[in-house]
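Asker: Let me give you the structure first, and then I'll get to my questions.
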Amino acid sequence: MLVIMKNDATEDQIQAVIRHIESLGYRGIPIPGALRTAVCIVGNQGFVEDSQLLSLEGVKETLRVTKPYKLVSRETHPQPTTITLGSLTIGGADPVIMAGPCAIENDDQALTIAQIVKGCGAQVFRGGAYKPRTSPYSFQGLGEGGLKILARVRQETGLLIVTEATDISNIELVEQYADIIQIGARNMQNYALLKRAGQTARPVLLKRGFAATIEELLMSAEYIMSEGNNQIILCERGIRTFADNTRNTLDISAIPSIKEASHLPVIVDPSHAAGRREYVIPLSRAALAVGSDGLLVEVHHDPSHAISDGRQSLYPEQFRKLMQEIKNLYV
Ligand code: PEP
Ligand code: MN
């Protein structure tokens, strides 16, 4: 980190900054410039808290030279991370397709959709048993009953299961049923949940918050990894912008940006980004074109009767077409 002094900072103020840096256990090296002096902090292993430095007399600003995240960073781990679940590799050469309904509604619905997506070539079945809904009056999910249905889906289809833990009160149960634990956009900065997810043996699918920067997403992943879990898949699912043609705006540039900054696999959820099924296939193409390691797609056999997110759920025929396109690309 560099501490930039004001143009008119005195020598005493510069020395006071250096003494403060030394009191933190680091060294401060003054670099005099034509207009002002910068003090370079050396000897720190990671993050330096700068709020006290910023309040010292004569200090203009601080500049971070290294990233605030470490474990998830490509600088510390240049090779891409791959996650292996049985015969499935996430982050490898082929994209991984996770598909299913927004919410688990009942046995029949889940099994019907699971058979469809499996028949089309999906490897992971998605579906929420705990639903984080904007309104407290909306369907909140079947809870453990939904997890039991997911266990049946896995048993009958062999598909892996990704499902969301919405709170530290249900993550213990979710980890007993799920192959991958999802943390949703609304919970991206639920630090208690992130830390608990860091202690599970299951891979975690971490979705980007609606208004989160890439750095904030990576800091959230750092919370999980700093607790010992390095099996993290990041997910771009659209952010909130002024554009109102879609439910959210798919930040397609997030994928190469995350890949540059981090070694973790990244997938794209075109369904929650678009909010409309018509856009899901084009956005999926875009996602794969920019290097996404997979897709998380909502599919429903009867979207007009879906309890949640029917408008953005692909019809089985559309999903089949998408999977055919993907197969053509990757064979
Ligand atoms: C979901 O994938 O089920 C979901 C609720 O998405 P998000 O957290 O991205 O809104
Ligand atoms: Mn949904």
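The values are calculated or read from the model by the stated rules, or taken from the named source; none is laboratory data. Treat the numbers as computed from the prediction; the structure is a model and nothing was measured. Virtual Cβ from ideal backbone geometry, glycine too; neighbours counted across all protein chains shown. What goes into the accessible areas is simple: the full protein's heavy atoms, side chains included, and nothing from ligands, DNA or RNA. Shrake-Rupley method; radii C 1.70, N 1.55, O 1.52, S 1.80 Å.
Asker: For segment 101-159, give the magnitude of the charge dipole about the Cα centre (Cβ charges: +1 Lys/Arg, -1 Asp/Glu; no others), in debye to the nearest 20.
Answerer: Here segment 101-159 has a charge dipole of around 180 debye.
Asker: Where both partners of a DSSP beta bridge lie in segment 75-214, what percent of those bridges are antiparallel, to the nearest 5? Write out the running numbers ahead of the final one.
Answerer: On the way: 3 of 15 bridges.
Around 20 percent of the beta bridges assigned by DSSP in segment 75-214 are antiparallel ones.
Asker: Longer than 27 Å from Cα to Cα, which of Lys60/Lys207; Lys148/Lys195; Lys131/Lys259; Lys259/Lys327; Lys207/Lys259 are they? Say none if no pair is.
Answerer: Numbers: Lys60/Lys207 36 Å; Lys148/Lys195 25 Å; Lys131/Lys259 29 Å; Lys259/Lys327 23 Å; Lys207/Lys259 15 Å.
Exceeds cut-off: Lys60/Lys207; Lys131/Lys259.
Asker: If you don't mind, another one. Measuring from the lowest to the highest alpha carbon on each principal axis, how far does segment 40-89 reach, largest first, in angstroms?
Answerer: Principal-axis extents of the Cα atoms in segment 40-89, largest first: 60, 17, 15 Å.
Asker: Amide H to amide H under 5 Å from Ser308: which residues, 5+ apart in sequence or cross-chain, H placed 1.01 Å off N in plane?
Answerer: Those lying under 5 Å, H to H, from Ser308 are Ala103.
Asker: Hey, if you put +1 on the Cβ of every Lys and Arg and -1 on every Asp and Glu Cβ in the chain, which of Tyr26, Leu142, Ser226 ends up farthest toward the positive end of that dipole?
Answerer: It is Leu142, whose Cα lies furthest towards the positive end.
Asker: Please list, in chain and number order, the residues 5+ apart from Val59 or on another chain whose amide H is under 5 Å from its amide H, with Hs placed from the backbone.
Answerer: HN-HN under 5 Å from Val59: Lys6.
Asker: I would also like to ask the following. Can you run phi through the Karplus equation (6.51, -1.76, 1.60; θ = phi - 60°) for segment 82-93 and list ³J(HN,Hα) in whole Hz, with x for Gly and Pro?
Answerer: My calculation for segment 82-93 gives 10, 10, 10, 10, x, 8, 9, 10, 9, x, x, 6 Hz in order.
Asker: Suppose every K and R has +1 on its Cβ and every D and E has -1 on its Cβ; what is the size of the dipole of segment 7-159 about the Cα centre, in Debye to the nearest 20? Numbers along the way, then the final one.
Answerer: Details: 15 positive and 15 negative charges, 99 e Å.
The dipole of segment 7-159 has a size of about 480 debye.
Asker: Given 0.36 nm per residue, what is the gain on full extension from Glu260 to Glu156 after removing their alpha carbon distance, in nm?
Answerer: Working: separation 104, 0.36 × 104 = 37.44 nm, distance 3.93 nm.
Full extension from Glu260 to Glu156 adds 33.5 nm.
Asker: Would you work out the relative contact order for segment 155-241, in percent, from Cα pairs under 8 angstrom that are 6 or more residues apart? Write down the numbers at each step before the final one.
Answerer: On the way: 152 pairs, mean separation 23.0, N = 87.
Relative contact order for segment 155-241 comes out at 26 percent.
Asker: Also: Calculate for the chain the 222 nm mean residue ellipticity that helices alone would give, adding -39,500 (n - 2.57) per DSSP H run of length 4 or more and normalising by residue count, nearest 500 deg cm²/dmol.
Answerer: Working: 11 runs with 110 residues, N = 331.
-10000 deg cm²/dmol, from helical runs alone.
Asker: Which whole-number percent gives the relative contact order of segment 226-326, counting Cα pairs below 8 Å spaced six or more residues apart? Please report the intermediate quantities before stating the final value.
Answerer: Working: 165 pairs, mean separation 23.6, N = 101.
Averaging sequence separation for qualifying contacts and normalising by length gives 23 percent for segment 226-326.
Asker: Right, something else. Translational diffusion coefficient, Stokes-Einstein: compute it for segment 226-280 using the Kirkwood radius over C-alpha pairs as Rh, at 10 °C and 1.306 mPa s, and state it as an integer in µm² s⁻¹. Let's see the in-between values first.
Answerer: On the way: Rh = 12.3 Å.
The estimated diffusion coefficient comes to 129 µm²/s.
Asker: Springs between alpha-carbon pairs under 10 angstrom, Gaussian network model over the chain: which of Ala254, Ala192, Ala289 fluctuates most?
Answerer: Ala289
Asker: Mind checking which of Leu159, Leu111, Leu85 has the largest fluctuation in a GNM of the chain, springs on alpha carbons under 10 Å?
Answerer: It is Leu85.
Asker: For segment 1-146, what Kirkwood radius comes out of the mean inverse Cα-Cα distance, in Å? Please list the in-between numbers first.
Answerer: Numbers: mean 1/r = 0.0487 Å⁻¹.
Evaluated on segment 1-146, it is 20.5 Å.
Asker: With a point put 7 Å past each Cα toward its Cβ, work out how far Thr134 is from Ser87 in nm, to one decimal.
Answerer: The modelled label-to-label distance comes out at 4.2 nm.
Asker: Name the residue, out of Ile258, Ile168, Ile14, whose mean-square fluctuation peaks in a Gaussian network model built on the chain with Cα pairs under 10 Å.
Answerer: Looking only at Ile258, Ile168, Ile14, the largest GNM fluctuation is found for Ile14.
Asker: When the accessible area of the chain is computed with all protein chains present and a 1.4 Å probe, what percentage of it is carbon and sulfur? Mind dumping the intermediate values first?
Answerer: Numbers: 7580 of 14980 Å².
Roughly 51 percent, rounded to a whole number.
Asker: Taking Rh as the Kirkwood radius, which is the inverse of the mean 1/r over Cα pairs, what is the Rg/Rh value for segment 63-177? If you can, show how the numbers build up before the last one.
Answerer: Details: Rg = 17.3 Å, Rh = 16.1 Å.
Reported Rg/Rh, Kirkwood definition of Rh: 1.08.
Asker: So for the chain, considering every pair of alpha-carbon atoms, how many percent are separated by more than 37 Å? Each step should come with its number before you reach the end.
Answerer: On the way: 14174 of 54615 pairs.
Summing the P(r) of the chain above 37 Å gives 26 percent of all pairs.
Asker: Check which residues have an amide H placed less than 5 Å from Gln182's amide H, if you skip close sequence neighbours.
Answerer: Under 5 Å from the amide H of Gln182: Thr163, Glu164, Ala165, Leu205.
Asker: Considering only DSSP beta bridges whose two residues both sit in the chain, what percent are antiparallel, to the nearest 5? Each step should come with its number before you reach the end.
Answerer: Details: 18 of 44 bridges.
Of the beta bridges lying entirely in the chain, close to 40 percent run antiparallel.
Asker: Could you size up the charge dipole of the chain around its Cα centre, putting +1 on the beta carbon of Lys and Arg and -1 on that of Asp and Glu, and report it in debye to the nearest 20? Mind showing how you got there, number by number?
Answerer: Numbers: 33 positive and 36 negative charges, 88 e Å.
For this selection, approximately 420 debye.
Asker: Follow-up. For segment 206-331, just the Cα set please: Rg and Dmax, both in angstrom.
Answerer: Rg, Dmax (Cα atoms, Å): 15.0, 43.
Asker: Further question on the same structure: Which of the chymotrypsin sites (Phe, Trp or Tyr not before Pro) found in segment 126-173 are in a DSSP loop and have at most 11 neighbouring Cβ atoms, other than their own, within 10 Å? Display every interim value, and only then the final one.
Answerer: Details: sites: Tyr130, Tyr137, Phe139; in loops: Tyr130, Tyr137, Phe139.
Sites meeting the loop and neighbour criteria: Tyr137.
Asker: Another question about this same structure. Enumerate the lysines that Lys321 could reach by cross-link, defined here as Cα to Cα under 24 Å, with residues fewer than 8 away along the same chain left out.
Answerer: Lys118
Asker: Something else about it: Below 8 Å, C-alpha to C-alpha, sequence gap of six or more: please give me the relative contact order for the chain in percent.
Answerer: Working: 681 pairs, mean separation 50.7, N = 331.
Relative contact order for the chain comes out at 15 percent.
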